[in-house]
Amino acid sequence: MKHLKKKMLGGTSLALSLFMLSACGSEVATTGASVDTSALQEKITGLEKKLVEQGAKSSEQEQKIAELEAKLNELRTNVIAVGGASGQTPVASGNNGSAGKGDGVLITFAQYEKLEVGMSVEDVIEILGGEGEALSEAENMVVYNYKGTAGNGANAVIAFQGGKLLTKAQSGLN
């Protein structure tokens, strides 16, 4: 019987010890979990703040990009209006393209005489009634040929630099 009491007492002690350990383990696990949850919550809050900051930066960048695109479009419009960034007349389909193309304008000697060195491309086109045939185009210079109304090879060669009439020459215009 003593042996049985010892076994029972030993078993009860063992069970009680296991119960106590499991209770302590649960308590530690619960406490550890709350600390981990708290740390995770702090990390989440920090990440949310960073996300908001990134969103604000992204909005600012999008606004700056939109402003720059608006300025670029305005500059393009101004460049086209003043005859191109390099002073050459803007290239339009069928006009002012590569050598050999032009709008077929025929000019007279009277029109040629009205041209003065320093005139803008627009002023010359207004006097002559259109654009001539582009013979040569360089970075800041364009040379045009205009056929004369008299026929027989009559023509005028006009050169622009920086959007201004640089030189003019004619042969056989009446």
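The values are calculated or read from the model by the stated rules, or taken from the named source; none is laboratory data. All figures in this text were calculated on a predicted structure; none of them were measured in a lab. Neighbour counts run over all protein chains shown; Cβ positions are idealised from the backbone, glycine included.
Restricting to segment 130-173, and then to whatever is closer than 15 Å to Glu113 by Cβ and outside any strand (DSSP E or B), can you tell me which residue is modelled with the lowest pLDDT? Going through the qualifying residues, I end up with Ala150.
Select, from Glu116, Glu126, the only residue that is at pLDDT 90 or above, exposed (fewer than 13 other Cβ atoms within 10 Å of the Cβ), of a type outside the set (Val, Ile, Thr) and under 19 Å from Gly104 (Cβ atoms).
Values: Glu116 fails: under 19 Å from Gly104 (Cβ atoms).
None of the other options fit; the residue is Glu126.
For Ala110, are the conditions met, namely being assigned to a helix (DSSP H, G or I), of a type in the set (Gly, Ala, Ser) and modelled with pLDDT of 80 or more? The answer is yes for Ala110.
When Ala39 is tested against (1) at pLDDT 75 or above; (2) under 17 Å from the mean Cα position of the chain (by Cα), just one condition goes unmet, and that condition is (2). If you go through segment 130-169 and keep only what is closer than 17 Å to Gly104 by Cα and touching an Asp or Glu at 6+ places or on another chain (Cβ under 9 Å), you end up with Gly130, Glu131, Gly132, Glu133, Val143, Tyr144, Asn145, Tyr146, Lys147.
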